[in-house]
1. Which loop-located GluC sites (Glu not before Pro) does segment 46-84 contain, where loop means any DSSP state but H, G, I, E or B and the Cβ has at most 13 other Cβ atoms within 10 Å?
2. Please compute the alpha carbon radius of gyration of segment 65-217, then divide it by the globular-protein estimate 2.2 N^0.38 Å. Two decimals is fine.
3. Heads up, I need the accessible area for CYS316: 1.4 angstrom probe, whole protein in place, Å², nearest 10.
4. Taking every pair of alpha-carbon atoms in segment 70-113, give the share separated by more than 15 Å as a whole percent.
5. At a probe radius of 1.4 Å, what is the per-residue accessible area of ARG317, in Å² to the nearest 10?
6. Step through the table entries LYS135/LYS521; LYS135/LYS441; LYS179/LYS262; LYS199/LYS516; LYS357/LYS388, compare each Cα-Cα distance with 26 Å, and write down the pairs that go over it.
7. In segment 54-153, which trypsin sites (Lys or Arg not before Pro) are in a loop and have at most 14 other Cβ atoms within 10 Å, using DSSP for the loop call?
8. Using alpha carbon centroids, what distance separates segment 460-502 and segment 386-411, in Å?
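The values are calculated or read from the model by the stated rules, or taken from the named source; none is laboratory data. These numbers come from a predicted model, not from an experiment. Counting neighbours? That spans all protein chains shown, and the Cβs are built from the backbone with ideal geometry, glycine included. To get the accessible areas, we keep the full protein, side chains included, count just its heavy atoms, and leave off ligands, DNA and RNA. Shrake-Rupley method; radii C 1.70, N 1.55, O 1.52, S 1.80 Å.
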Amino acid sequence: MAKLRHCCTVLLLLFTSVSAHSDFFTSIGHMTDLLFVERDLVSSLKDYVSAEEDKLQRIKRWADRLDALSTAGSQDPEGFLGHPVNAFKLIKRLNTEWAELESLVLTDVSDAFVSNLTIQRQHFPNDDDQTGAAKALMRLQDTYKLDTETISSGRLLGSSSVATTSSVLTMEDCYDLGKVAYSDVDYYHTELWMAQALKQLEQGEESSVVDAIAILDYLSYSVYQQGELERALAFTKKLLELDPSHQRANGNLKYFEYQLSKQKKLEVDDNDEEQRMWKENRGRRDDYLPERKQYEKLCRGEGVRMTPRRQSRLFCRYYDNGRHPRFVIGPLKQEDEWDSPHIVRYHDIVSERDMEKVKELAKPRLRRATVHDPQTGTLTTAHYRVSKSAWLGAYEHPVVDKINRRIEDITGLDVSTAEDLQVANYGVGGQYEPHFDFGRKDEPDAFEELGTGNRIATWLLYMSDVQAGGATVFTDIGAAVQPKKGSAVFWFNLYPSGEGDYRTRHAACPVLLGNKWVSNKWMHERGQEFRRRCDLHWTD
């Protein structure tokens, strides 16, 4: 009996990692609102410009008329003022008309625009958002092995061959990315983006706020911090050619020359391996993910490949779940994605109309996704999960209830003890690094508040296609599942014995290009006793 209870014991883990900290994420769903806000502001700005131009035209007409009068009078002042009409009009102009002109000049036609701007400003991103967006670009750069030139030119994988002007990074943009990396003590990316900024500057791009001196200052220090004294010295000398009086550069020149001569005398190469690892890990140390290489390879479509023999055992079929009444006439299209653990995909599960309704319901509630912190036991945001999510109960709309019933019909599992439908939106660099959906033994109190046992299975519905990136990858087995709108992927997190299947460790790759919408349904152990019977000896 104790073993049977063990099969249904409550466990938890979403992910264990370094302490969570604040990180950027704005979903594409919310950013579309910002795009329309900006369009409204541009329209308001144009109205303001038109009003200012009309005002200036009126002032110009005043100026032209007054200029003609004053010119005529100044040629022969006494003769001009000898005419009583001219004398009267001069007094009238100075007493009345110049006051009217003053009133016109002081008229502020910007009120409507400023008022609109003030109202909309509350929706604007802040400095943290901008920093987060910069880090997202660098995350994409690392994961998909993109060079700075590719990103700067806007020619990303899956985008059109000719980048639009809005997709191109200016020299100042590259400089700002380098500064964000520098502030984060990330000298690897500081060097890359400052070098790109310098390259674009040398190619003739102009800037009124950034010059080569500022860029070289960052470059010399960032390469020095990576142990490259000779390059640091070269950048410093180049800076001093432009500004011989640069105080910090002069101090660095002496220091770098001293350190370099000292290094050459000792012929020390002890830090070569350390610097190689630093470069390879892109400066990541404390929070470096041990399986990151595997994770990023799978995201790029590389990594583990299934043998032809195993591949031949994967099939597509029509599925009726044991002649379920709903599927006898209209069976489902089921496709094997992986054999062990068995991961299957169901095609054309939810209609376009229903998916749009789910997005519509979720969008106003989207908040930064949270994870369970194993140290505090609370839900918190984490740098390794960058998305926005919302929870929808079956009672909230018939479409949600309809999707829940469909999940139950397809999987054969009881959804009455499942968690609410979680809707997630991954935007700029959105990702969820490798994690388990089920709770592990070292956290016996997880999910305790639900009282429904561990997460026995995961249902993942893709509600959008993604142009590039955004795959769901399983780092332990090497599987990669691509998003396909209207399809759902399903797998069991627990063996029939109730033990966690550690092969189901998975991740959501960063979205390189596009907009990723998904909805998750996590089924729990309670209620499944007669639907998926517990087998104490079965673990594979």
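1. Values: sites: GLU52, GLU53, GLU78; in loops: none.
Passing sites in segment 46-84 do not exist.
2. Details: Rg = 28.9 Å, N = 153, 2.2 N^0.38 = 14.9 Å.
Rg over 2.2 N^0.38 Å, computed on Cα atoms: 1.94.
3. The accessible area of CYS316 comes to roughly 100 Å².
4. On the way: 535 of 946 pairs.
Taking all Cα-Cα pairs of segment 70-113, the fraction more than 15 Å apart is 57 percent.
5. ARG317 exposes around 80 Å² with every protein chain in place.
6. On the way: LYS135/LYS521 30 Å; LYS135/LYS441 34 Å; LYS179/LYS262 31 Å; LYS199/LYS516 34 Å; LYS357/LYS388 17 Å.
In this structure, LYS135/LYS521; LYS135/LYS441; LYS179/LYS262; LYS199/LYS516 exceed 26 Å between Cα atoms.
7. Numbers: sites: LYS55, ARG58, LYS60, ARG61, ARG65, LYS89, LYS92, ARG93, ARG121, LYS135, ARG139, LYS145; in loops: LYS145.
Listed in order of number, the matching sites are LYS145.
8. Segment 460-502 and segment 386-411 have Cα centres spaced 18 Å from each other.
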